[in-house]
1. Helices (runs of 4 or more DSSP H) wholly in region A:163-231 with at least 3 residues that are assigned by TED's automatic domain parsing to the domain that holds A:Leu140 - which ones?
2. Please determine, by comparing only the residues of region B:32-48 that are more than 16 Å from the ligand (Cβ to nearest atom) and surrounded by 17 or more Cβ atoms within 10 Å (Cβ to Cβ), which one is farthest from the other protein chains (Cβ to nearest Cβ).
3. I need the full set of residues from region A:105-144 which are of a type in the set (Asp, Glu) and in contact with a helix residue (DSSP H, G or I) (Cβ under 7 Å, 6 or more places away or on another chain), in order please.
4. Within region B:305-323, does at least one residue satisfy the condition of being without any contact (Cβ under 8 Å) to a residue 40 or more places away in the chain and either touching a Lys or Arg at 6+ places or on another chain (Cβ under 8 Å) or surrounded by fewer than 20 Cβ atoms within 10 Å (Cβ to Cβ) (or both)?
5. In this structure, is B:Ala221 surrounded by fewer than 20 Cβ atoms within 10 Å (Cβ to Cβ) and touching a Phe, Trp or Tyr at 6+ places or on another chain (Cβ under 6 Å)?
6. Filtering region B:300-314 down to residues that are more than 14 Å from chain A (Cβ to nearest Cβ) and over 21 Å from B:Ile61 (Cβ atoms), which residue is nearest to the ligand (Cβ to nearest atom)?
7. Hey, does region B:68-82 have a residue that's within 30 Å of B:Asp172 (Cα to Cα) and either touching a helix residue (DSSP H, G or I) at 6+ places or on another chain (Cβ under 7 Å) or at pLDDT 95 or above (or both)?
8. From the list B:Glu51, B:Glu29, which one is more than 16 Å from the ligand (Cβ to nearest atom), surrounded by fewer than 21 Cβ atoms within 10 Å (Cβ to Cβ) and within 14 Å of chain A (Cβ to nearest Cβ)?
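The values are calculated or read from the model by the stated rules, or taken from the named source; none is laboratory data. Because the structure is a prediction, the values reported are computed rather than measured. In this analysis, Cβ positions are derived from the backbone assuming ideal geometry, glycine residues included, and neighbour counts consider all displayed protein chains.
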Amino acid sequence: MKILSISTATSDLSVALNEADHLVSEKIEENQRNHSVDLDPDIASLLAENGLSLKDIDRFAVAIGPGSYTGLRVGLTTAKMFASILNKELVGVSTLQALAQNFAGEDALIVAALDARNKNFFAGAYRGKEAVIADGHYHLSELLEQVGALPDQKVIFAGSDFSKYQEEIAAGLADKDLRLAEGEENLLHAGAIGRLAVSAPVLDPDQAVPNYLRRTQAEYDWAKKTGQEFAADSAYVEEV
Amino acid sequence: MKEKKDIRILAFESSCDETSTAVVKNGSEIESLVVATQIKSHARFGGVVPEVASRHHIEVITQITREALEEAKVSWEDLDAIAVTHGPGLVGALLIGINAAKAASMATGLPLIGVDHIMGHISAAQLVEPVEYPALALQVSGGHTEIVLLKDPTHFEIVGDTRDDAAGEAYDKIGRVLGVNYPAGKTIDQWAHQGKDTFGFPRAMIDEDNYDFSFSGLKSAFINTCHHADQLGQELDKYDLAASFQAAVVDVLAEKTMRAIRQYQPKTFIMGGGVAANLGLRERMNKEIAALEKAPKVILPPLKLCGDNAAMIAAAAYNQYLAGNFADLTLDADPSMELPYAEDYK
Ligand SMILES: [Zn+2]
């Protein structure tokens, strides 16, 4: 099974080609500014270098969230359209689970997190591929509390730049063996998405939306003001 | 004689709060048009929230692509190009259409065409009847109020522009004062037909020697009148308020547009954009043009083609197709894209 995987969830732009769970080829550009401009050309050259065309791909895999809202949509729109037009499979993989795979060989709890401003993080904790703390939106103090309650001795923080919170993390998890990932250890690899995609459930392209993990501020404000519940997304859009 | 091959274009439009796809043959025949509107969603907030708009666009994009093909009874092999609006508009919203179109172009090998949203609105005219050039267009919507000269099918130039608010924006703002839900244009238009112009609001820039507009002074005058009455505990007639506001807007739009028509002597006059659906404006323009000695052909696209839709994008893309203007996979959103200004723009 040939898998083309895409990550535009963070500032890194990565595309990869996997044959089942074996990585064939991967491109990764750090701190890329404009994913929308570079994604398709990167996919085109990855395919060309491997003598393949889009039609040869069996499964399109994408980092489905959390991450930059716009970035998530660039990657998922592209993957959805490929799968829908070519009648191939679409799968979405957690951005955080993919990040945690940077430490796949380590016997440690991996706390994968992306900065969500004001000391908040989109975060999850993984032992290997297993999610121990579900992907969610957490304040740092909340995250430290949950990690502290787990039995794991060795803990690695990855994904976001945690150096400015080093002291707070050390104080909150005083009895753990801590490490903060550095430099390339924080890169999001499409190859990891491709590996996880082998066992991920197949999605309906018409139904697939990013896993933002947060509604918009406008929606929270509206709910607070009116006391109303959110309806299903589909209730707000109608074909005319 | 060999028959000319039909050119069939699938287009995407997602620049604001409508996600739309369409298949158009030869730039003039709509074979399908699908429009998914988010009005219900943004009505909660009293205006379009960009992040919410982007989220809705991605929910429907694959489905409405398939529907456009099914409705037109064509498959990808029957198409000649894929087109998409790449600006102006909300950047996050534009990116859904752009990435969908690029992915479709990659998956099918069909050439890609990037379309200016305003050129699209104006090109809705050719879905009604053929445009003869030079043509002149009055483009009025929530985001734009422009008089555009069409030199030929792909060279459009601005001869008049708004200095501040767009006409549609002014409707929404005074709508808020009158307690009319967003979008307010249709209701204000209806009320205006039941009232009289009794307030005599200012007609800004109407006598200036250019084709530009300004609506912020009118908006302020309107709001001040309402506040003042509020303080005195007076109740103003909402129909007369609407009629007075609309009369001021229509007066300026009609006066300046008629002057531009006299100067440029277009063969076709086109009215486009959401506010072109306004009946007050339509009636007035029809009447004034009919009174001209040498009247241009007038094209007022039907209401469905005045709002944002992908058929107009496919129509504009057809002109670009014939001119050989294609985009590549690096096509990006340009949220503040502008048509060029005419050389004699003042
Ligand atoms: Zn528009």
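1. Once the helices (runs of 4 or more DSSP H) in region A:163-231 are filtered for at least 3 residues that are assigned by TED's automatic domain parsing to the domain that holds A:Leu140, what remains is A:166-172.
2. This residue is B:Ser32.
3. A:Asp135
4. No.
5. The answer is yes for B:Ala221.
6. B:Pro301
7. no
8. Checking each option against the conditions leaves just B:Glu51.
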